[in-house]
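Let me begin by presenting the structure, written as structure tokens, before commenting on it.
The values are calculated or read from the model by the stated rules, or taken from the named source; none is laboratory data. The structure displayed is predicted, hence computed values, not measured ones. So basically every Cβ, Gly included, is an ideal-geometry build from the backbone, and we count neighbours across all protein chains shown. Accessible surface is based on the protein model in full, side chains and every heavy atom, while ligands, DNA and RNA are left aside. Shrake-Rupley method; radii C 1.70, N 1.55, O 1.52, S 1.80 Å.
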Amino acid sequence: TRMGSGDMLVNRCGADLRKLVLRSHLITKMDGLVGFQRLELLELYDNQIEVLECLGGGEDGKPGVTLRVLDMSYNVIRDMEPVNLCPNLEELFLANNKIKVISGLKHLKKLRKVDLGANRIRVMPEEELSGLENLEELWLGKNKIESIDGISNLTKLRRLDVQSNRLTKVENLTAQIDTLEELYLSHNGINDEGASCETGLALSFTKLNTIDMGRNRLKSTKPFAHLLALEELWLSGNGITTFEDVGHISVLGTRHGACLEGIYLEMNPVANEFEYRKTLADMIPSLKQIDADMIGGNAAHGIPGGDAGRQQSMVARLRELQDAAIIRARQQSEEQQQEEQQNGEAEPKTASEP
């Protein structure tokens, strides 16, 4: 429950320790860090820490100034402002805490990855995010964010995750037109119009290869028809009804250099259509995977993929074994009856018999 007061932790581990990992304990307070001279990674994941402290209390601001990676996910932290004591941070993880406001980031220009998922954040503030000129990954899933903002200066951003929020539009991505590779926006309230904003997916992204917009309010694939770099398109659980609604992206599978290999349309009405998989495969020849199944896999023979497919396949196999056992039992019974009849006919008659 304690890290060690005073110099206890430093004396035990050595002042030149570079990595300190204390995961999944019952630690409630950050202490004992003053005295570490070269600490680069501090991981206190899955504890009960309420306050970020003891980061800059040592000589020349140590250990904060030497930290490159700070992971404080799965704690009960409410204020992230003290991360400003770590000017050389490259990776920051504060997922699954109780943070309401993004703060302390504006001067951390070396950050490449930030994970603030599963908090209580409502706003992406430009004053905090605009200075993160080297940021490549921003993870903000499972918050209460209503719009994508504050990333107009993030010209190196490759991955953006704002899934499970309150978005109704995809916008303000102009600065990422030549860098964005993966976009995760599932479990929001985005419809076709919201997915077609001029500063959002209407842009001609040059490297965008993965989009997850499952569990939204889409009625067609039209917003994605011009995204020629797409390799994976995940649209499960929307309102796409007909193959005509899917047909907008057929060009992504038929053009020269087509690279669309995977599509998820399960839990859309169209997935219940006759010969759903075959029609999709014909419509988009570049596909290698439809939903959870590779083309030509179990689903091609009527067995669904994923856990349901494995379970159904196992049940079918058990039934085959049961049927085979019943057939063998019947054969053995018939053979035994025939043998008994033959033995009865071969028995000699006694003198008392007529």
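The strands (runs of 3 or more DSSP E) located wholly in segment 9-104 that include 1 or more residues which are acidic (Asp, Glu) occupy 41-43, 69-71, 91-93. Among the residues of segment 206-243, those that are more than 18 Å from Leu287 (Cβ to Cβ), more than 21 Å from the chain's Cα centre (by Cα) and outside any loop (DSSP other than H, G, I, E, B) comprise Lys222, Pro223.
Taking residues in segment 29-47 that are farther than 19 Å from Phe93 by Cα, and partners anywhere that are among the hydrophobic types (A, V, I, L, M, F, W, C) and modelled with pLDDT of 95 or more, the pairs with Cβ atoms closer than 8 Å and at least 6 places apart or on different chains are Phe36/Leu17; Phe36/Leu20; Arg38/Leu17.
The residues on offer are Gly141, Gly200, Gly150, and the sole one that is touching a residue at least 12 places away in the same chain (Cβ under 8 Å) and touching a helix residue (DSSP H, G or I) at 6+ places or on another chain (Cβ under 7 Å) is Gly150. When Val76 is tested against (1) of a type in the set (A, V, I, L, M, F, W, C); (2) crowded, with 19+ Cβ neighbours inside 10 Å; (3) within 24 Å of the chain's Cα centre (by Cα), only condition (2) is not met.
Pairs meeting the criteria (first residue in segment 98-114 and touching a residue at least 24 places away in the same chain (Cβ under 8 Å), second residue of a type in the set (Ser, Thr, Tyr) and surrounded by fewer than 19 Cβ atoms within 10 Å (Cβ to Cβ), beta carbons under 8 Å, at least 6 apart or on different chains) are Lys106/Ser130.
Please enumerate the residues belonging to segment 50-68 that are farther than 15 Å from Glu90 by Cα and surrounded by 22 or more Cβ atoms within 10 Å (Cβ to Cβ). Within segment 50-68, Leu52, Leu55 qualify. Within segment 39-59, if we keep just the residues that are modelled with pLDDT of 95 or more and not hydrophobic (A, V, I, L, M, F, W, C), the residue that is farthest from Val21 (Cα to Cα) turns out to be Glu50. Scanning segment 95-113 for residues that are open to solvent by less than 20 Å² (accessible area, probe 1.4 Å) and in contact with an Asp or Glu (Cβ under 7 Å, 6 or more places away or on another chain), we see that the one that is farthest from Ala15 (Cα to Cα) is Ile102.
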